[in-house]
Amino acid sequence: MHPDGDDGPILDAAFELFGQVGIARTTIGDVAKRARINRVTVYRRIGSKDELVQAVMARESSRLFASLAKSAAEQSSRADRVAHGFATTIDSVRTNPVLLKMFDSESPVVLEQLTINASALLESAIRAATHIARDESSTDAFAVPDAPEIVARVVHSILLTPSAGAPLETYEDLLTFAHRNIVPLLVAGRTESES
């Protein structure tokens, strides 16, 4: 059985097609053909094309957060978990050709999901940031009370507007930025070396 259940082959097909031909040029018929099912099944299981785009984005966000948690867990200090979690999130999106196409899409659904209707995405990101930034005692004592939300919003902003003042092009740039600006928000009362 597919790890994503019955909808998995549909989401896989849509994800592949979005990356190959773009969202605007992908039809429900194309997805059905790629998934080796009929169009009615796509509509019944997922819904409209807009709902299909939303489902693919939700699944890819979940995959991203799982990957980010794994990467952060490999770090020995809380400060490094936070910094690598931040850098890995941005780098993972930037290096995923399908997610990049979705970010570059002119589809109103994608733009809405990334901007005015991004609350579900941000809520997941806040939960991920909270989980990664917790120390071994599992407390939520952050240097700034709403730090996980601030961090999620900073990541969101960097992904939507990649360059401004600070250099954020490379993974090392992102780590430097995170240690300088993100770690102090999340790691209460400790220096980098103590974390």
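The values are calculated or read from the model by the stated rules, or taken from the named source; none is laboratory data. Keep in mind that this is a model prediction, so the values were computed, not measured. Ligands, DNA and RNA are stripped out before the accessible areas are found, and what is left, the full protein with its side chains, is counted by its heavy atoms. Shrake-Rupley method; radii C 1.70, N 1.55, O 1.52, S 1.80 Å.
Semi-axes of the equivalent ellipsoid of the chain are 35, 17, 14 Å, computed as sqrt(5λ) over the eigenvalues of the C-alpha gyration tensor in descending order. Going by a ≥ b ≥ c, the root eigenvalues of the Cα gyration tensor, does segment 50-133 fall in the rounded group (a/c under 1.5), the prolate group (a/b larger than b/c) or the oblate group? Prolate shape, in that a/c is at least 1.5 and a/b is the bigger ratio. The HN-Hα couplings worked out from phi for segment 34-44 by the Karplus form 6.51 cos²θ - 1.76 cosθ + 1.60 (θ = phi - 60°) are 5, 7, 6, 9, 9, 4, 4, 5, 4, 5, 5 Hz, whole numbers, x standing for Gly and Pro.
Here the accessible area is traced with a 1.4 Å probe on the protein chains. For the chain, carbon and sulfur cover 52 percent of it.
Within the P(r) computed for segment 6-92, what percentage of the Cα pairs occupies the region above 21 Å?
It works out to 41 percent of all Cα pairs.
Based on C-alpha pairs under 8 angstrom that are at least 6 apart in sequence, segment 2-124 has a relative contact order of 26 percent.
Heavy atoms of the protein chains alone define the surface here; on that basis the chain has 53 Å² accessible area per residue at 1.4 Å probe size. Taking 0.36 nm per residue of sequence separation and removing the Cα-Cα distance, the residue 73/residue 27 pair yields an extension gain of 12.6 nm.
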